[in-house]
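The values are calculated or read from the model by the stated rules, or taken from the named source; none is laboratory data. This structure is a prediction, so every number in the text was calculated from the model and none was measured. Virtual Cβ from ideal backbone geometry, glycine too; neighbours counted across all protein chains shown. We work out accessible area using only protein heavy atoms, side chains counted, and drop any ligands, DNA or RNA first. Shrake-Rupley method; radii C 1.70, N 1.55, O 1.52, S 1.80 Å.
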Amino acid sequence: MNSETRGQVRALISDFMEKWIADAIPAEELERIAQEGVSPSGLLTPFHDALVPGITLLGERSFSTRLGNLHEKIAAAIAEEVHADVKQPHDLSGAIPVLSREFITQRVDALEHRKVQPDAAYEREQIFGHFGNQVNAGTRIDLYIRTHDGEDHYFEIKSAKPNKGQCAEMKTRLLTALAIRRQDSTHTWWGVPYNPYGRGEYRWVYPLAFFDFEHEVMLGQSFWDFVGGAGAYEELLEVYREVGEEFADRLRELREQLIV
């Protein structure tokens, strides 16, 4: 990342933290906790916080969802520095064969009920081979990247542990994008910002039922290094750590206010 992109990424992360802190615990609730020991929305978890200070904040339900949205914006900012064209999000529409529409519906259903195994090459071959009557179709993709080599890459970016419904939705969007484009230069991916299993093999059950990991998933470092070039993953972690240090004192103060 150059200095301008790095500054943009820092600003995105800082803005996220400011909004999350403001929304996580309203100031008036903190005041009531401090003065009366009363939390109207039921935020207090004394035994939890005794074991893991600050878990009330870190366990806030929308944190991971919001972080996923942040990753989309950061990916777009980083990609613009190294790729020919970037859009986030990207609306895609066009005519597709009726056969493709039916195939996508049946394929996602079969994957959901584990009647078939994920096979990106098979799905691609089927969609590229469809012909006949056409219908209009459209989808919104989280991130679109066109490389300088003329390749089009469409990414869905969700939580590292999506539920079954989210997996079905992502798969449908990606297959629809492939059906609309129908070009050899088109590639569709689930972009996963990090591997929750570290260096171990990914094993969250739902995505494994929907995605051919070898051919349609970019996980952790491979995702960020494609989006932003070699070294982007480690550099992004460094920026996150820097911003985290800036907010450490404020989070510590919030934790202390929650102790009653």
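Solvent-accessible surface of segment 148-240, averaged per residue with a 1.4 angstrom probe and all protein chains in place: 44 square angstrom.
Heavy-atom accessible area with a 1.4 Å probe sorts F16, F213, largest first, into F213, F16. Among the protein heavy atoms, those of K115 account for about 150 Å² of accessible surface (1.4 Å probe, every chain in place).
As a length-normalised measure over Cα pairs under 8 Å and 6 or more apart, the relative contact order of segment 140-260 settles at 21 percent.
Taking the 1.4 Å solvent-accessible surface of the chain as the whole, the part contributed by carbon and sulfur is 49%. For Y194, the residues whose modelled amide H falls within less than 5 Å of its own, excluding neighbours fewer than 5 places apart on the same chain, are G220. Only the Cβ atoms of Lys and Arg (+1) and of Asp and Glu (-1) were treated as charged; on that basis the dipole of the chain about its Cα centre amounts to roughly 880 debye.
Of the residues G132, G191, A179, the one whose Cα sits farthest towards the positive end of the charge dipole of segment 130-246 is G132 (charges of +1 on Lys and Arg Cβ, -1 on Asp and Glu Cβ, taken about the Cα centre).
Within the shell defined by Cβ-Cβ distances under 10 Å, the residues around T188 carry a net charge of 0, with Lys and Arg each +1 and Asp and Glu each -1.
Mean residue ellipticity, 222 nm, helices only, the chain: the sum of -39500 (n - 2.57) across DSSP H runs of n ≥ 4, divided by residue count and rounded to 500, is -18000 deg cm²/dmol. Beta bridges per DSSP, both residues in the chain: antiparallel share near 65 percent.
Computed from phi, the 3J(HN,Hα) profile of segment 209-218 under the Karplus parametrisation 6.51, -1.76, 1.60 (θ = phi - 60°) reads 7, 10, 10, 7, 4, 6, 10, 9, 9, 10 Hz, with x in place of Gly and Pro.
Neighbours of E214 by Cβ distance under 13 Å: Lys/Arg scored +1, Asp/Glu scored -1, total -4. The alpha-carbon of K115 sits under 27 angstrom from the alpha-carbons of these lysines, leaving out residues fewer than 8 places away in its chain: K158, K161, K164, K171. The share of Cα pairs per 10 Å bin across the chain, counted from zero up to the longest distance, runs 6, 26, 28, 21, 13, 5, 1, 0 percent.
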